[in-house]
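Some notes on the structure that comes next.
What follows is calculated from the coordinates using simple rules that are stated; it is not laboratory data. Please read these numbers as outputs of a predicted model, since none were measured by experiment. A quick note on method: Cβ atoms are made from the backbone with ideal geometry, for glycine too, and the neighbour counts reach across all protein chains shown.
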Amino acid sequence: MRALVIGASGGIGSAISQQLQRDRWDVTGLSRSVDGFDVANAASVERGMTLQSGTFDLIFVAVGILAPLGGAPEKALSAIKPDDMARVLAVNTIGPALILRHAARLLPKDKRGVVATLSARVGSIGDNKIGGWHSYRASKAALNQIVHGAAIELGRSHKQSVCVSLHPGTVETSFTQNYAGRHKTVPATEAASNLLAVIEKLTPEHSGGFYDYAGQEVVW
Ligand SMILES: NC(=O)c1ccc[n+]([C@@H]2O[C@H](COP(=O)([O-])OP(=O)(O)OC[C@H]3O[C@@H](n4cnc5c(N)ncnc54)[C@H](OP(=O)(O)O)[C@@H]3O)[C@@H](O)[C@H]2O)c1
């Protein structure tokens, strides 16, 4: 089995890569810090994705930022800075969309192939009871829409494809260092095994959906 893990340098991306390798998958990792694969740069995504050949049983997109380097998610509307918001959208929404442009070519047509993109429960509009984190929430809500649309499009040409957004839980990575708060956290290894267990059970009927680390559907 072949997997392409994008954001393989991250806390969750590296744990996913390692578990797949332990399970004897052939894993190709792509990341900004190791390969110069910058999702905020369309030419970089185009170059990195065009280099990939053959098909993958799993394309796992694990890139994302909570805020630009040195910044923080907004506590209130008054804290919104347009450049910071644009950066969060560029990495969390447009980057994965540019990757998804290549999904049809890289997924098998004659068997099941999964595209899983890390979203976040805080991107759920229905679940948003406390406000704040405007850019991050908006970037993940928009990502969910793109994943849903991609699933529809892929389903036409790749009947056995599964394309989903996943919420990993609150995971102990550099991402949550300052923000885990009162949430129960899990190590990245545990998050990876939870997510891979969910992915294993997904069928084409699940395609286009938003699921958490336990396989429960998350409200849009
Ligand atoms: N941790 C949590 O509790 C949690 C909860 C909900 C959702 N998520 C989502 O899970 C995903 C992964 O989070 P994580 O906890 O593993 O965070 P992390 O350890 O900070 O990893 C983030 C990854 O994103 C990559 N990245 C950032 N900017 C990039 C860019 N411009 N181009 C390419 N790659 C870029 C990083 O690559 P480099 O380091 O190589 O630059 C790294 O691989 C994110 O989408 C996040 O929103 C995490």
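Key figures
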{"read-out": "Given (1) under 16 Å from Leu118 (Cβ atoms); (2) surrounded by fewer than 21 Cβ atoms within 10 Å (Cβ to Cβ); (3) of a type outside the set (A, V, I, L, M); (4) near the ligand (Cβ under 10 Å from one of its atoms), number of the condition Gly13 does not satisfy", "value": "(2)"}
{"read-out": "Residue check for Ser161: more than 14 Å from the ligand (Cβ to nearest atom), touching a residue at least 24 places away in the same chain (Cβ under 8 Å), farther than 17 Å from Gln18 by Cα and not hydrophobic (A, V, I, L, M, F, W, C)", "value": "yes"}
{"read-out": "Filter result for the condition that a residue is under 19 Å from the mean Cα position of the chain (by Cα), in a loop (DSSP other than H, G, I, E, B) and within 13 Å of the ligand (Cβ to nearest atom), over Ala90, Ala8", "value": "Ala8"}
{"read-out": "From Arg47, Arg105, residue being more than 15 Å from the ligand (Cβ to nearest atom), in a helix (DSSP H, G or I), basic (Lys, Arg) and surrounded by fewer than 22 Cβ atoms within 10 Å (Cβ to Cβ)", "value": "Arg105"}
{"read-out": "Val115 vs. criteria surrounded by 14 or more Cβ atoms within 10 Å (Cβ to Cβ), within 13 Å of the ligand (Cβ to nearest atom) and under 24 Å from Gly36 (Cα atoms)", "value": "no"}
{"read-out": "Qualifying positions in segment 181-201 - of a type in the set (Gly, Ala, Ser) and surrounded by 12 or more Cβ atoms within 10 Å (Cβ to Cβ)", "value": "Ala188, Ala191, Ala192, Ser193, Ala197"}
{"read-out": "Qualifying residues in segment 63-109 (those that are of a type outside the set (A, V, I, L, M, F, W, C) and touching a residue at least 60 places away in the same chain (Cβ under 8 Å)) - the one farthest from Phe175 (Cα to Cα)", "value": "Glu74"}
